[in-house]
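Contents: one structure, followed by commentary.
The values are calculated or read from the model by the stated rules, or taken from the named source; none is laboratory data. Fair warning: this is a prediction, and the values are worked out from it, not measured in the lab. All Cβ positions, glycine included, derive from the backbone under ideal geometry; neighbour counts span all protein chains shown.
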Amino acid sequence: CGVFGVVGITDASNFVALGLHALQHRGQEAGGIVTHDPATGFNQARRMGLVRDNFTNQKVMETLPGTIGIGHVRYSTAGSKGQTAIRDVQPFFGEFSMGGAAIAHNGNLTNARALRKELIERGSIFQSSSDSECIIHLMARSMGRNIPDRMEEALRKVEGAFSIVAMTRTKLIGCRDPLGVRPLVLGQLGDGWVLSSETCALDIIGAEFIRDIAPGEMVVISDKGVQSHFPFRRAKSRFCIFEHVYFSRPDSILGDRSVYETRENIGRELAKEAPVDADLVCPVPDSGTPAAIGYSLQSGIPYAMGIIRNQYMGRTFIEPSEQIRNMGVRLKLNVNRALVRGKRIILVDDSVVRGTTSQKIKDMILDAGAAEVHFRIASPPTAWPCFYGVDTPQRDKLLAATMTEEEMRVHIGVDSLKFISLDGLYRAVGQPNGRDPASPAYCDACFSGEYPVAPSDMIEDGFQT
Ligand code: 5GP
Ligand code: SF4
Ligand code: MG
């Protein structure tokens, strides 16, 4: 998901809408905006679908006055299966004795089911099926004297990944979980302040990047400025390494690192680790593009657009049903036939999850007359599900969970298949010695199976790490 918020900016909702539009790659199922204006109180709009289809409408935007606002773009994760219902669309809102508050959450809480059960037994009335709603109910039960105190108390009870943007009538609040699994940055626009999942959404509104919110940090922003504190037990940060590989936009800066440069580095590492004699390096667009450029630069094999993407389709994996996902590849990608005929092609993609994408692309490219197809993947084999906010399927659906690399090669049907090593990936994200097994610098659970936060709800279900 993507989260965004502003305070101290006239027509806040228009800026929130633009920010969410720049974060649309983080979730395309639905979006919502909450604002506050002294004359109208809290204003809320939640809609299914894209930001540009909902929050450009004059009638909708007129209902969202105020100089403070937050928003969310949704992509349903491990916890919530199936079609998104409008009641699951964030921001969530709660009315407390000291006033209202809205919160928008990116990440996934790993103890939400246990918390929810307990809260329901004690009388909480849940409105949605979302893990994030627990936070509102925990806040309602807190005895804290103000909303930031209540939020702090609530967040000390949840486990897992959270980057949160929240608001009261006058305050914008940002918080990251102690491991800082998901990104969150602070920006400034004139006298106003901005919180955003990624820096690309600061750029769109012309805001200046100030700094990352630190893992475990909570900031409370009001007309008195930015107050920062660290309410949780300090821990070593474990940022999601997959944000660098795939999830974030290449024009964003994550923890002082350009995502584009990292992806190009990954391609260079791949070319060193898994060279092959071929005529062209082609990306699976768009997610494989920077890595393909890196592979080409390192290997000296020319880069070319062997596959053309229809820009009007969303990300395939965000479509929740398998049927649509299967069709999706063909609807979104097409082979540049004249270019690939008779050629030995190196195809670079970011990841293999179920293997559906790779298989269809291989079919299309062989059908167009390619002489050889060599897959190079910009992440290690995805063998474990993510419980921290990325929608990887159950373990048995992950190709790498049940097959060796050679079995995957045969299954996909290509001449060769190589994944970057975990050490190579760490080198590409700026760890020259690779992954330190005693204390890894990132979360890499979907590749290593080492979960930095025990997925307690899943373990109760019999999941074995
Ligand atoms: P597959 O077709 O192997 O299931 O999915 C791989 C494709 O989905 C890749 O092209 C990749 O761009 C995209 N993808 C990237 N990240 C994810 C993810 O977290 N979950 C899923 N399901 N697909 C992803
Ligand atoms: Fe990121 Fe993978 Fe960790 Fe999930 S399991 S937070 S996708 S590195
Ligand atoms: Mg892709």
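Points to keep in mind about this one:
- Residue pairs meeting the criteria (Cβ under 6 Å; at least 6 apart or on separate chains; first outside the structural domain of S76 (by TED's automatic domain parsing) and within 16 Å of ligand 3 (Cβ to nearest atom), in segment 381-395; second of a type outside the set (S, T, Y) and assigned to a loop (DSSP other than H, G, I, E, B)): T382/V353; T382/L398; T392/P385; T392/C386
- Condition met for L417 (modelled with pLDDT of 95 or more, over 17 Å from A445 (Cα atoms) and of a type outside the set (S, T, N, Q)): yes
- Residue in segment 252-259 that is at positive phi and more than 13 Å from ligand 1 (Cβ to nearest atom) present: yes
- Members of segment 220-238 that are under 30 Å from T170 (Cα atoms) and buried (at least 21 other Cβ atoms within 10 Å of the Cβ): V220, I221
- Of all the residues in segment 206-218, those that are surrounded by fewer than 21 Cβ atoms within 10 Å (Cβ to Cβ) and hydrophobic (A, V, I, L, M, F, W, C) number 3.
- Candidates M143, M139 - the one that is in the same structural domain as L23 (by TED's automatic domain parsing) and in contact with a Lys or Arg (Cβ under 6 Å, 6 or more places away or on another chain): M139
- The criterion of at least 3 residues that are surrounded by 21 or more Cβ atoms within 10 Å (Cβ to Cβ) is met by the following helices (runs of 4 or more DSSP H) wholly inside segment 1-78: 12-22.
- Only residues that are at pLDDT 95 or above and more than 9 Å from ligand 2 (Cβ to nearest atom) were counted across segment 380-400, and they come to 6.
- In segment 110-143, the residues that are buried (at least 16 other Cβ atoms within 10 Å of the Cβ) and outside any helix (DSSP H, G or I): T110, N111, S124, S128, S129, S130, D131, S132, S142
- Test result for R376, in contact with a Lys or Arg (Cβ under 6 Å, 6 or more places away or on another chain), within 11 Å of ligand 1 (Cβ to nearest atom) and in the same structural domain as G294 (by TED's automatic domain parsing): no
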